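Taking it in order: structure first as structure tokens, then the write-up.
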Amino acid sequence: MTYNFKEIEAKWQKYWEQNHTFKAESSSDKPKYYVLDMFPYPSGAGLHVGHPLGYIASDIYARYKRHKGFNVLHPQGYDSFGLPAEQYAIQTGQHPAITTEENIKTYRRQLDQIGFSFDWSREVRTSSPDYYKWTQWIFIQLFDSWYDNTIDKALPISELVALFSKEGNETIDAVCDDDTPSFTATEWTAFSEKEQQKILLNYRLTYLAKTEVNWCPELGTVLANDEIINGVSERGGFPVVRKKMTQWSMRISAYADRLLTDLEKIDWTDALKESQRNWIGKSVGAAVRFNVVDFEAKIEVFTTRPDTIFGVSFMTLAPEHELVQAITTEAQKAAVDDYILATSKRSERERMADVKTISGVFTGAYAEHPFTKKPIPIWIGDYVLAGYGTGAVMAVPCGDQRDYDFAKQFGIPIPNIFHDTDISEEAFTDKAKTKIANSEFLDGLDFKSATKRVVEALEEIKQGEGKINYRLRDAVFSRQRYWGEPFPVYYIDGMPQMIDKKNLPISLPEVEKYLPTEEGEPPLGRAEVWAWDTQKNKVVHNSKIDHKTVFPLELNTMPGWAGSSWYFNRYMDPHNADEFVSQAALNYWQEVDLYIGGSEHATGHLLYARFWQKFLFDRGYLPKDEFAKKLINQGMILGTSAFVARIEGSNTFVSNDKINNENIQYIHADVSFVNASDELNIEAFKSWRKEFSTAEFKLSDDGSFKVKREVEKMSKSKYNVVNPDEICEIYGADALRLYEMFLGPLEQYKPWNTAGITGVSSFLKKLWKLYVGDSGLKADDTTATKENLKTLHKTIKKVTEDIEQFSFNTSVSNFMIAVNELSAQKCTSREILEPLLILISPYAPHIAEELWAKLGYESSISTANFPIFEPKYLVESSKNYPISFNGKMRFTLELPMDLSKEEIEETVLAHEKTVAQLAGRTPKKVIVVPGKIVNIVG
RNA sequence: GCUCAAGUGGCGGAAUUGGUAGACGCGCUGGAUUCAAAAUCCAGUUUCUUCGGAAGUGUGGGUUCGAUUCCCACCUUGAGUACCA
């Protein structure tokens, strides 16, 4: 009987499905364990071999935990709203829902053939109305909440309204917009309904506001900060400009501090935590307000060095700062306007690339120093960013290199306020290494006490106070797109109104085209049935709009991260029509125990999801304020691209080892045309594209044509994609699973190389041959030898450690060693083979199931208990040689194999005592770790 | 510039209380089997070597009886981030 993996794999995949083997119940006597993958966006290209890497790892862990007696939740679903389906719809007119449905089918088929232990009965799709009903509901909850700084918690907006009518807003410490006016309780009650609503928008955790946004004209939509890389859009690489627009925003800044400090309580990688810390960007310092001379205005700055306030010799505003126009003097107006125009013409990208050039213009205005009352010239310069802090800095050239360079450039004085330092060449920035001088009441103080002293002084004269500043901005939540969640919002007199929970979901309307309207409205502006009837509580035709009972609906949709910010909770109770997830399910599953996914989501998805989790926790809907205890980032599997060399301007190709001095242009060739020795199949290449059919080839000496290889991201456009379907067809799913793990450490980036798969493939064949001969099953009831047992227990120990440490690559090696050893020992004993099969089954479940069944078991191997490691088989006898080094002695003990752990410890301790006595020291405590060599140095 | 991670054969990579460096696999070499090929099996495969050995984990130092492992400095590569006041 040969190893027919195709038949076996199909058989067991069907068996698991029919027997609901991996269905998780939300109650059990067993302890729970929740293993989650980042759900995929179902793209039209289908899966390549890189995609399943993380899924295989999580599947191994989930199967392992089941063997260990846990009730495991291991779900999967689709992040199915997104740009590609919409762009395809724009091109072809096909509804994105249809495209998405087709892509999901392909994904499902591809995932199924790999043999994952997903509980598909819990599948979620973010684009399904049953799901986004609850995304809309969460949005309403956010709208209905404000953030109380005194107890660090989100509360219902009704409580804020109650406070306003009792005591106004002076006494309330809440997160709100800076320009919120103060009012008393009487004033509040006197406000019109609309005025009240406007004020409340300043407090709500999602709010509508005219804000400066990142507008991408090419994509026709706004983008969040994390969707922009190096000044261009993450998707497509299009330029992004700043623009003021009325948009929905999420007040994530309210949670900045908790998002930062709570990183300490979760087991995520340091690299990932670090990038979240950078993104949040906390700086401790002070706000200082400078009066403008002869002008009714104050300029507020943020500084981390308030101790250097006596070193201020000028101020710099960002060119976009709102006071610039007002304070500029007549004489300087032309120069300032020119400068602003020149800056605005430069793209973000240019500005970032060109850090060296120092530019700026004097406004002609002066500010007044809060203590010395001396005038300070106010400049504008593009090294000050409008988007950070207040968009204005107090420049201390002696203590900041950028201020220093600016002062040098424009001949501004550089007063030194540091004791005993040299600032003739550069600024002195090491705050810990000096004391303050020439600074009146701060003289002689160090950084810490000077800061404390000056903040007190500023507060006294009401010109400033201690402040913590965050880089994290509120997240823009509107997208001018079709294929996203509609907002459950309609407008009365320009003010947003929420639709009641019982009328959700508000489903996406039909449109005839998926483009923005001619007037520049989002695609939903094309919908004809898109108005809200407050009497009938349903969506009606636009012609019914009368602004009395029927009102226009919001035209924007939610961004891609809306649906992915809470899906892990929905898996706990995916079909609940009355709640986003029931308390019973939450009480049982609590949180994700292990989350596996790519590190590219470090500052996007993973930050937003933590934010929503904390918010829903505050409002009492969730039991935990962090959603994932442990997180692992799997590395990417890269493709090995093949390049053919063409002589520029001709149709002649040169073998890569035959290139002389020609001007060469490298062209991607499909990797399927190239063999393991980097030789091109010329015929296949010629018939690939019409233009190559007449091409000429300068061959290598041995008659072959060599290509150049390079490792790149796997992508269709680079013709280096390897499809898992092919691998399953030729080698089987178990081989694919083993090989993906065998390639290298999970977290590492590594290139795919199909040639190496023969190693794991022949391992599977050997395993099969060890059990199954020509006449059927070979396993029997012979007693296992000590050698057999040693091999088994060594493997149990190593594999258990490997899995616990997510070191799946070494496990595969350990299986190979075990099978090689057992083959050499001609071991056919069931006593050994059964536990070995259970060990292997998380990695190669199909072959393990088949052999398990052949051994006569009726149940699935997935329910078997993980074998127990017995250290006594592992104690190695080793060479016994005392060696003398400079009078010190080292002993390696030789111990009999069948001692228990306690006996070993006793023996070792006895030796330690003897040696210690001889060496004249006190005996140390002895801890024996199985499989380790025991050393005693005397 | 800053932060983090990593440097081991021809290649992917093993090696954690500091204890025989190179496990396992690919590739390569030789052999068996075959009319032949594929497949399979066996042996070898860090480098140098006068065949006794010697050197060797990016470089230079240090700690230690003993360092791929710990410490210091430097070099290289990768990732993230960037005029953050």
Condition set near RNA strand B (Cβ under 7 Å from one of its atoms) and under 17 Å from A:Y843 (Cβ atoms), scope segment A:749-760, selection surrounded by the most Cβ atoms within 10 Å (Cβ to Cβ): answer is A:V760
_Condition check for A:I90: among the β-branched types (V, I, T) and assigned to a loop (DSSP other than H, G, I, E, B)_ = no
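Kindly provide the set of residues from segment A:395-410 that are within 12 Å of RNA strand B (Cβ to nearest atom), in a loop (DSSP other than H, G, I, E, B) and either surrounded by 23 or more Cβ atoms within 10 Å (Cβ to Cβ) or over 37 Å from the mean Cα position of the chain (by Cα) (or both), ordered by number.
Filtering segment A:395-410 down to residues within 12 Å of RNA strand B (Cβ to nearest atom) leaves A:395-397, A:399-406, A:409.
With the extra rule that they be in a loop (DSSP other than H, G, I, E, B), the set shrinks to A:396-397, A:399-400.
Hits for segment A:395-410 are A:V396, A:P397, A:G399.
Check every one of the strands (runs of 3 or more DSSP E) wholly within segment A:587-703 and list those with 2 or more residues that are within 16 Å of RNA strand B (Cβ to nearest atom).
Details: elements: A:592-597, A:628-633, A:637-647, A:652-654, A:664-669, A:696-698.
Qualifying strands (runs of 3 or more DSSP E): A:628-633, A:637-647.
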Flagged in segment A:93-107 as assigned to a helix (DSSP H, G or I) and small (G, A, S), in numbering order, are A:A97
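Kindly establish whether A:G756 is small (G, A, S) and within 27 Å of A:F685 (Cα to Cα).
Working: small (G, A, S): yes; within 27 Å of A:F685 (Cα to Cα): yes.
Yes; evaluated as a whole, the condition is true for this residue.
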A:F441 fails exactly one of (1) more than 14 Å from RNA strand B (Cβ to nearest atom); (2) crowded, with 17+ Cβ neighbours inside 10 Å; (3) outside any loop (DSSP other than H, G, I, E, B), namely (2)
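Test A:A669 against the criterion of being crowded, with 18+ Cβ neighbours inside 10 Å and closer than 30 Å to A:A154 by Cα, and give yes or no. Spell out how you get there, then give the answer.
Numbers: crowded, with 18+ Cβ neighbours inside 10 Å: yes; closer than 30 Å to A:A154 by Cα: no.
So A:A669 does not fit the description; no.
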_Some residue of segment A:39-57 being surrounded by fewer than 23 Cβ atoms within 10 Å (Cβ to Cβ) and in contact with a Lys or Arg (Cβ under 6 Å, 6 or more places away or on another chain)_ = yes
Filtering segment A:799-818 down to residues that are more than 9 Å from RNA strand B (Cβ to nearest atom) and either touching a residue at least 60 places away in the same chain (Cβ under 8 Å) or surrounded by 16 or more Cβ atoms within 10 Å (Cβ to Cβ) (or both) yields A:V799, A:T800, A:I803, A:F806, A:F808, A:S811, A:A818
Within segment A:16-46, the residues that are more than 25 Å from the chain's Cα centre (by Cα) and more than 22 Å from A:G69 (Cβ to Cβ) are A:E17, A:Q18
Checking A:D774, A:D780 in turn, the sole residue that is more than 9 Å from RNA strand B (Cβ to nearest atom), within 23 Å of A:K6 (Cα to Cα), modelled with pLDDT under 90 and acidic (D, E) turns out to be A:D774
Per the list (1) under 27 Å from A:G856 (Cβ atoms); (2) of a type in the set (S, T, N, Q); (3) touching a helix residue (DSSP H, G or I) at 6+ places or on another chain (Cβ under 6 Å), residue check on A:N720 breaks on (1)
In the set A:I138, A:I114, the lone residue that is under 30 Å from A:E7 (Cα atoms), touching a helix residue (DSSP H, G or I) at 6+ places or on another chain (Cβ under 7 Å) and at pLDDT 95 or above is A:I114
When every residue in segment A:259-317 that is within 11 Å of RNA strand B (Cβ to nearest atom), in a loop (DSSP other than H, G, I, E, B) and more than 30 Å from the chain's Cα centre (by Cα) is compared, the one modelled with the highest pLDDT is A:V312
Of the residues in segment A:108-128, those that are closer than 20 Å to A:V35 by Cα and in a helix (DSSP H, G or I) come to A:R108, A:L111, A:D112, A:W120, A:S121, A:R122
Worksheet item: Hey, any hits in segment A:374-394 for a residue that's within 8 Å of RNA strand B (Cβ to nearest atom) and without any contact (Cβ under 8 Å) to a residue 12 or more places away in the chain?
Response: no
Being among the charged types (D, E, K, R) and touching a residue at least 60 places away in the same chain (Cβ under 8 Å) narrows A:K265, A:K244 down to just A:K265
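The values are calculated or read from the model by the stated rules, or taken from the named source; none is laboratory data. What you see is a predicted model, and the numbers here were worked out from it, not measured in a lab. So basically every Cβ, Gly included, is an ideal-geometry build from the backbone, and we count neighbours across all protein chains shown.
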